[in-house]
Each structure stands twice: as C-alpha cells, then as structure tokens.
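A quick write-up on the structure given underneath.
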Amino acid sequence: MKAYEVNFDGLVGLTHHYAGLSFGNVASTSNQNAVSNPKLAALQGLKKMKALSDMGFKQAVLPPHERPHIPTLRQLGFSGSDEQILAAVASQSPKLLSQVSSASCMWTANAATMSPSADTLDGRAHFTIANLNNKFHRAIEAETTSATFRAIFNNDDFFAHHDALPQQAMMGDEGAANHNRLCADYGSKGVEVFVYGRQALGGQIEPTRYPARQTLEASQAVARLHGLKAEQTVFLQQNPEVIDQGVFHNDVIAVSNGPVLFHHQQAFLNKDAAFDDIRYKLSAVDCDFVPIEVPTEQVSVQDAVDTYLFNSQLLTKPDGKMLLVVPEESRQNENVWRYLNELLASQSPIDEVTVFDLRESMRNGGGPACLRQRVVLTEAELQAVTPNVFMNDQLFATLNAWVERFYRDRLLESDLADPQLLRDNRQALDELTQILGLGSIYPFQKV
C-alpha cells in the first residue's frame, strides 16, 4: 500500500533560553547562560520546514507548550495568582523557574514513538507518548504532548494512542530519538530497531559519566503496546563509551531511512550480531539491509557530537535517491565536510546534502533530526489528520507573522519571571491552536 513519511517539526516556543538543563548533552551545557533569540530560533525552524515542503516532502507543524508551566508550580506548593507564583519561584528557586520554562518540546523526536499501520497487529498507526523522565524539565511535557497528538490524529479508526509509560527510571523512554524503522518502502512491512542505553534489570554494561536515558524495558513495552511481533523488532544497545562522550540519544550517532542505516562505526554494542539479526528479519519482508558506516578514522565521535552529522534528516526523493539534511556546523567541520563530499562521490544511496542554519537550536543541543517526529501515513490516514497543520505557503506566511508579533529577539534566564512573557505565551498559543485547528489542548484554555 502506498504510504508517505510526514515530518512533524516542533515550533520553537517563546521561552527558548539557554539554561544548560540537559546533563549529558554537551551543546546544552556548554552554552548555559548565553543570550538566546527565541524569534530567530522559531524563524529558522520555519524556514527549514518550508524549504523541505517546497522540495516536495510532506511537512507539518507541532505547536509549543505553555511555558512557564504554572500547573507544575502549583503542584509543587506555590500558590496565589499566576503573577504571585512567578515572583515567588523567581525569588526562592530561579533554577526551578528555568526548568518549568524550558522550550525543549521543540525537539519533537522525543515527543513519541510511532509505528505505521503496516507494522502493527491491528492495522492502525500507533503512538506512545515519551515519558522523558530522565530530565525534570522534559518529564512535564507528556500531558500536553498527548493532548496535541490526540487532537491532530483524531480518528480511532486509523490511530491508536498510548499514554506515557510509568514515570519511573526503569521505564525511561525518550521517544523516536532512539527508534529506527527499516523497510523497502514506507508502505511495506518493516523492521523496527529500538536502541537503548541500559538494561534496568541488570545484565549489561552501562555508561559511567553520563546517564543512559532509554531503557531496554521501556523499548520492549512500546513494542508490545504497538502490537509488534518478535520477527519485526530488534533491540540494540548503544555503545556506552559514546554515551559518555556526549551521545545522549541514538539520533546523535545514527539515522535511518528506508533500508539505509547511516551510522558511526562506534555507535552500537555487539553490532555484528545485531546487524545479522536485522538483515535476516528484513529478508523476510523482501528488503535488503543497507548499512552505511562512517569510520572513526575519518569522523571521530567528537566530530559527530560537535557537528550533529547524524542528527540529520535522511529523506527519500522522488527519484528514489536520498537527501541528507545537515546543520551548518557539519559544513564548518573539515573532517565531516570532507567525508560528506566523499560520500556523494561514491555509489551510496545518499546523493545529495542540504545544509540549514539552525544555530539557535544547535546551541541548545538539538539539530535537524531533533526537531522532527517522523510519521508514516497511508493516503486514507493522511486524509484523517487535522488538515491545518500541514505546511504550505499560506501557513508559512501566517506563522511567520505570528512569530513576529509575539516573540522576543533577546531572552535571558532572568526574563522568565516577567508576567508579560507568560501572558504573551498564552495569547500566542490560544491564537496558534485556532490557526492549526487543534481546539483546547492547554491547561489555561480549560480553566
């Protein structure tokens, strides 16, 4: 059956700031306390979305969350009016205010794990919202993310939604950032590769410097929820040594598309056995596995982390060849750019590289792949999606004007206590849900 991949990119929120909240994410912690530009960040993201849409790829938008998140602060014992709560938390715990003001939901690769209907037992597209429980500022995202997905994919005949896994370390789930799907084409049955950092119930080596955020147990639970059979799944451990070098998710060291797995030589533990398993399971669905391995001698792990070479988008063009979308930082690195030019000169399925300036996102630790959730949809499923979220000329113009109206071009951590920022956020999001046709998905809209 014919199917399409739609990239749902996260729109950067009004409170985008550099607080260094993500231990293990080198870019995030390195730029702590720098001055951010939320307006530029949002416009850079929109520019990428529109450019890919203009190239013929299906592109859609996911909205940001309400920030600062007053309901969380009330749950933590702060009381009074919203303005009084902001003043109190800014005085008593400014770092907590930063946590509940994070715009990290822009990295929608972490929003959920998605399995297409071609793979699932009941023939519906399945979504499991990520609990993101390794980081407090991300663990508070699940409720709004769930409401957003249920509003966009609002048809039980085609879509199945699963709540986030229990908020406990054993079930640490970071969404599609640790999930790859390999297939002959999007509409065919595929093999889903779940990459995990540690086995919570013991038995395997773990990183020692930085946390392994995804557990095997969480990945197995998602596969069960989605009705995936054993012959359709592979569970592969990320190399703990690269996690300790700043590879906090699989999508910092590998990216897949169709039958291709573009990965670093040091990405995985017990790679040979796992690749044999992938090859065998893909053969059962008439698909040849095409791994493209980047040697350490050409691109170091440090190069990969610095440039987000693998935090790229790998997209199938109409001619069947593949386009690699990389951040500007990849072009600026001599080793990475030399490798990419050699790749293009080879007989690789990847025959084109496009570069985008995503500096604001990159400085906070997220590249092109972080900004998008990949959703595979049949024609009927595509028609069942809320239509206003798809990128086109009109939506691009509307959203650019919306950003220009509401976003600041300079934001420091100390600005988060400004009640006007919260008011602007709520007014902007109220208008955005009308633009995108989502209804009331935020807590402030339900009061």
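Give me a count of the residues in segment 288-323 that are touching a residue at least 60 places away in the same chain (Cβ under 8 Å) and on the phi > 0 side of the Ramachandran plot.
Total meeting the criteria: 1.
I'd like to verify a number: residues in segment 387-405 that are more than 18 Å from Phe57 (Cα to Cα) and surrounded by fewer than 19 Cβ atoms within 10 Å (Cβ to Cβ), how many?
The total comes to 7.
Are there any pairs with C-beta distances below 7 angstrom linking a residue in segment 328-350 that is touching a residue at least 60 places away in the same chain (Cβ under 8 Å) and more than 17 Å from Pro368 (Cα to Cα) to a residue that is open to solvent by 20 Å² or more (accessible area, probe 1.4 Å) and assigned to a loop (DSSP other than H, G, I, E, B), with the two at least 6 apart or on different chains, and if so which?
Pro349/Lys321
Suppose we filter His264, His249, His226 for residues that are under 22 Å from the mean Cα position of the chain (by Cα), surrounded by 17 or more Cβ atoms within 10 Å (Cβ to Cβ) and more than 18 Å from Asn110 (Cα to Cα); which single one remains?
Just a single option satisfies the conditions, and that option is His264.
Do we have any residue at all in segment 316-323 that's surrounded by fewer than 18 Cβ atoms within 10 Å (Cβ to Cβ), among the basic types (Lys, Arg) and over 24 Å from Pro207 (Cα atoms)?
yes
Against the condition in contact with a strand residue (DSSP E or B) (Cβ under 9 Å, 6 or more places away or on another chain), surrounded by 21 or more Cβ atoms within 10 Å (Cβ to Cβ) and at negative phi, how does Leu382 come out, does it pass?
no
Looking at Asp276, Asp306, which is the one that is open to solvent by 20 Å² or more (accessible area, probe 1.4 Å), part of a helix (DSSP H, G or I) and at pLDDT below 95?
Asp306
Report the residue count in segment 104-113 for those that are open to solvent by less than 10 Å² (accessible area, probe 1.4 Å) and either over 28 Å from Glu413 (Cβ atoms) or of a type outside the set (A, V, I, L, M) (or both).
Number of matching residues: 5.
How many residues are in a loop (DSSP other than H, G, I, E, B) and modelled with pLDDT under 95 when one looks only at segment 245-267?
5
Restricting the search to segment 419-447, which residues are surrounded by fewer than 19 Cβ atoms within 10 Å (Cβ to Cβ), touching a residue at least 60 places away in the same chain (Cβ under 8 Å) and not in a helix (DSSP H, G or I)?
Gly439, the sole residue that qualifies.
So Thr354 fits all but one of (1) more than 30 Å from Lys95 (Cβ to Cβ); (2) buried (at least 19 other Cβ atoms within 10 Å of the Cβ); what number is the exception?
The one condition Thr354 does not meet is (2).
The values are calculated or read from the model by the stated rules, or taken from the named source; none is laboratory data. Keep in mind it's a predicted model, so treat the numbers as computed, not measured. Counting neighbours? That spans all protein chains shown, and the Cβs are built from the backbone with ideal geometry, glycine included. Remember, those area values only see protein heavy atoms, side chains included, never the ligands or the DNA or RNA. Shrake-Rupley method; radii C 1.70, N 1.55, O 1.52, S 1.80 Å.
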